[in-house]
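Novice: I have a structure here, written as structure tokens, and I will follow up with some questions on it.
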Amino acid sequence: MTDAELLAIIAQAEREGWTELDLSGNDLEGLPSEIGRLQSLEKLILGKFDYQTYQSKGNRLTTIPKGIFRLTHLKELHIPYNQITAIPDEIAKLANLTSLQLGGNEITVISDTIAKLANLTVLELSNNQITAIPDAIGNLANLTWLNFSFNQITAIPDAIAQLTSLTTLYLYNNQITSIPDAIAQLTSLNLLDLSYNQITSIPDAIAKLASLRDLHLVGNQITSIPDAIAKSANLTQLDLQVIK
């Protein structure tokens, strides 16, 4: 997409008051400042997975374009499959965000600024280079869906206990060695995927998750299953391998 074509699309979106704009799969390295004029925009897509072709359609963004931070009515920001290395503090200006999707980038650190996005219900950060989940994540009380899979995370912070609205938690393919007892506070959790980590035991706290239906622990180094979990009437899917 040429600069002229991009500016023409933005101008049309401004004239017509578009609420959604999809610019995925255009090899964009940046966005013009004019993007900030789209004050009706509620959903901006700069990358996605095409389930018809089974291919990712990203761009070549290395930072989140500054003009986006003027879109104060934005509810969904999707920028997966780019080359973004950090989430800038300006993200806090997007206070109405309910969905932030940044999977498939090169992010290494999540700053405490993430805590200011209090309306988030979906946070997608899989396939990055993140080494730690910040305690600030606990301030996102409205989160229902959280994905940190395919990173380099070594521990689950106790602050995760504050996410009592969370129904889906993906942490597979990391370097996590243990499951904290704090996990028992996730009373709304339906699905927990900790496959392909370095976990050696399952705490009894897991059995306290009354809403849990799907528990995935395959690809770890677990040597036994607590009776409370083996006999759980709530679980409909238990996926693990026991090493003897």
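What follows is calculated from the coordinates using simple rules that are stated; it is not laboratory data. Please read all numbers here as calculations on a predicted model, not as lab measurements. Cβ atoms come from the backbone with ideal geometry, glycine included; neighbour counts cover every protein chain shown.
Novice: Mind giving me the FRET efficiency for residue 111 and residue 200? R0 is 41 Å, r the Cβ-Cβ distance, nearest 0.05 is fine.
Specialist: 0.85
Novice: Could you work out how far apart the two model spin labels at residue 39 and residue 89 are, taking each label as a point 7 Å from the Cα in the direction of the beta carbon, and quote it in nm?
Specialist: Label at residue 39, label at residue 89, 2.7 nm between them.
Novice: What are the lysines whose alpha-carbon lies under 26 Å from the alpha-carbon of residue 75, with same-chain residues fewer than 8 places away excluded?
Specialist: 43, 48, 57, 66, 93, 116
Novice: Next question. Quick one: 3J(HN,Hα) in Hz for segment 134-148, Karplus 6.51/-1.76/1.60 with θ = phi - 60°, rounded, Gly and Pro as x.
Specialist: x, 4, 4, 4, x, 7, 8, 5, 8, 4, 10, 9, 9, 10, 10
Novice: At a 10 Å Cβ-Cβ cut-off, how would you order 61, 77, 171, fewest neighbours first?
Specialist: Details: 61 19, 77 22, 171 25.
In increasing order of surrounding Cβ atoms, one gets 61, 77, 171.
Novice: Still on this model: Would you work out which of 114, 206, 98 lies farthest towards the positive end of the dipole of the chain? Charges go on Cβ: Lys and Arg +1, Asp and Glu -1.
Specialist: Checked the options; the winner is 206.
Novice: Here is a further query. Give the angle, between 0 and 90 degrees and rounded to the nearest 10, that separates the Cα long axis of helix 3-16 from the longest principal axis of the Cα atoms of the chain.
Specialist: Helix 3-16 sits at roughly 90 degrees to that axis.
Novice: Alpha carbon centre of segment 57-119 versus segment 179-243: separation in Å?
Specialist: A separation of 31 Å, based on Cα centres.
Novice: Would you compute, from DSSP H runs of 4+ residues alone, the mean residue ellipticity of the chain at 222 nm, taking -39500 (n - 2.57) per run and dividing by the full residue count, rounded to the nearest 500?
Specialist: -2000 deg cm²/dmol
Novice: For a footprinting-style exposure proxy, rank 150, 69 by other Cβ within 10 Å, fewest first. Write down the numbers at each step before the final one.
Specialist: Values: 150 20, 69 17.
Listing 150, 69 from fewest to most nearby Cβ atoms yields 69, 150.
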